[in-house]
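Notes follow the structure.
Quick note: the coordinates plus some simple rules give every number you see, no bench work behind them. Everything numeric in this text was worked out from a predicted model, so none of it was measured. Note: ideal-geometry Cβ built from the backbone for every residue, glycine included; neighbour counts use all protein chains shown.
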Amino acid sequence: MSRLAEVLARLSAVIESRKGGDAAASYTARLLSDPSLAAKKLGEEAIETVIAAVQADKDALAAESADLLYHWLVVLAAAGVSLDEVAARLEAREGVSGHAEKAGRSG
């Protein structure tokens, strides 16, 4: 398992443990109690990550990517989507051309 996968697994467990927690005492609990806020924060972090990438700022890109991944995990947890569900979607796309996969999506 990669170091990132290990960290994401640990962070995901911490996020799960914050469900139902005191939103005044825990930023994660606050985000979990307000999925719209969590999604907004995810969007903000995505934009900041893009800006860091466009500016070719490696340190900022690493920092913003960490923020992005944290908020992504919170949004998943708030929606009840597990990392295994995401992994299953990725596995289903393995070996499939990106163009073919996108063309095959419904909606």
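Taking region 6-35 as the range and being of a type in the set (D, E, K, R), surrounded by fewer than 16 Cβ atoms within 10 Å (Cβ to Cβ) and closer than 10 Å to Ala77 by Cβ as the test, the residues that pass are Glu16, Lys19.
Those helices (runs of 4 or more DSSP H) of region 43-107 in which at least 2 residues are surrounded by 13 or more Cβ atoms within 10 Å (Cβ to Cβ) and aromatic (Phe, Trp, Tyr), considering only elements entirely within it, cover 58-79.
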